[in-house]
Amino acid sequence: TKVNQLSRRSHCLLTVSVRRRRKQNIHSISAMSHNSSRVDNSVISSTVSAAPPLATCGKILFVDLAGSERLKKSGSEGVRRHEAISINQSLTTLGNVMQSLADRRATHVPFRDSKLTRLLQESLA
């Protein structure tokens, strides 16, 4: 483009999913079954259900948004023009989504209006 010859015209999203697993503590259940000849299943099930979850999951989303540009100023043509139009549309949709989320009276949030907002839906909502 006339504005920046080396610019890349795209958004970049990187999702990092992290899962931490804990070892299950079976020793307390085994000890109870060895100490009594008859094991009460209700005691074992309550012990297992009271334990914290075995896996903790987290997700980090890194987002690098392409900047919008004016087509007249940039002089983009062909494929670059189409890319600029798509980027401008997705940024406008992202703005509409954020505005709808901020407005408590809004009954609809337009997440499905662009690929970008669909990918960001879990993080924004």
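The values are calculated or read from the model by the stated rules, or taken from the named source; none is laboratory data. From a predicted model like this one, the values you see are computed outputs, not experimental measurements. Positions of Cβ are generated from backbone atoms using ideal geometry, with glycine treated the same way; all protein chains shown enter the neighbour counts. In case anyone asks, the SASA skips ligands and DNA or RNA and just uses the protein heavy atoms, side chains included. Shrake-Rupley method; radii C 1.70, N 1.55, O 1.52, S 1.80 Å.
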Where a residue in segment 89-104 is within 13 Å of His11 (Cβ to Cβ) and its partner, wherever it lies, is among the polar types (S, T, N, Q) and surrounded by fewer than 16 Cβ atoms within 10 Å (Cβ to Cβ), with Cβ under 8 Å and at least six apart: Leu91/Ser68
On the basis of being open to solvent by 50 Å² or more (accessible area, probe 1.4 Å), out of contact with any Phe, Trp or Tyr (no Cβ under 6 Å at 6 or more places or on another chain), among the small types (Gly, Ala, Ser) and farther than 16 Å from Glu122 by Cα, does Ser68 make the cut? yes
Residues of segment 77-88 being surrounded by fewer than 16 Cβ atoms within 10 Å (Cβ to Cβ) and either among the charged types (D, E, K, R) or in contact with a helix residue (DSSP H, G or I) (Cβ under 9 Å, 6 or more places away or on another chain) (or both), which ones? Glu77, Arg81, Ile85
Conditions (1) open to solvent by 50 Å² or more (accessible area, probe 1.4 Å); (2) in a helix (DSSP H, G or I): number failed by Leu91: (1)
